[in-house]
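These notes are about the structure you will find just below.
A short reminder: the numbers here are calculations on the coordinates, not readings from a lab. Here the structure is a predicted model, which means the values were calculated and not measured. Neighbour counts run over all protein chains shown; Cβ positions are idealised from the backbone, glycine included.
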């Protein structure tokens with residue numbers, strides 16, 4: 001009876017190693033995808049917050065409504081947590097484009113519009129996927145002092 005148990009145990013050895021070998025790549029791709037999604041979500045939130053902060057500044061008066069360089073400074077300060085934005089000093093080309101303009105708001109009053117376009121880094125290159133996210137966020141805010 002003891003010999004039969006030993007034979008049965010010897011046939012069960014190595015199954016865990018085989019399962020890890022077969023499922024390891026899938027687990028890695030799931031982890032990489034979750035990590036990429038987290039980075040993309042952080043990028044989306046940062047772009048939206050940066051556009052909102054810049055629009056808040058440009059909506060202070062009609063002269064600041066078109067001040068793209070000041071809006072750029074606010075956006076750079078807000079998006080400083082992103083690795084490909086830390087070294088930027090201007091906002092005229094990708095990975096970061098910021099524009100500020102005076103527009104007519106939804107109710108017909110004078111307003112300021114700030115547009116922020118951001119392209120993320122390629123974090124983990126997965127064949128068949130671009131690996132980059134390009135997002136544009138626009139915020140329109142009514143001018144406070146007319």
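Per-residue Cβ neighbour counts within 10 Å put 89, 99 in the sequence 89, 99, beginning with the fewest. Sorted fewest first by neighbouring Cβ atoms within 10 angstrom, 29, 40 come out as 29, 40. Ranked by the mean number of other Cβ atoms within 10 Å of their residues, highest first, the peptides 70-82, 16-28, 46-58 fall in the order 46-58, 70-82, 16-28. Taking a point 7 Å from the Cα of residue 52 along the Cα-to-Cβ direction, the residues of the stretch 94-134 with backbone N closer than 18 Å to it are 112-118. In this simple spin-label model, placing a label point 7 Å from the Cα along the Cα-to-Cβ direction at both residue 93 and residue 45 gives a separation of 3.1 nm. Which angle between 0 and 90 degrees, to the nearest 10, do you get for helix 68-78 versus the longest principal axis of the chain when only C-alpha atoms count? Helix 68-78 sits roughly 30 degrees off the main axis of the chain.
Assuming R0 = 30 Å, what is the FRET efficiency of residue 110 and residue 134, from their Cβ-Cβ distance, to the nearest 0.05? After rounding, the FRET efficiency stands at 0.50.
Once the Cα atoms are used to define both axes, helix 2-12 deviates from the longest principal axis of the chain by about 30 degrees. Our summary gives the stretch 16-142 a relative contact order of 25 percent, counting only alpha carbon pairs under 8 angstrom and 6 or more residues apart.
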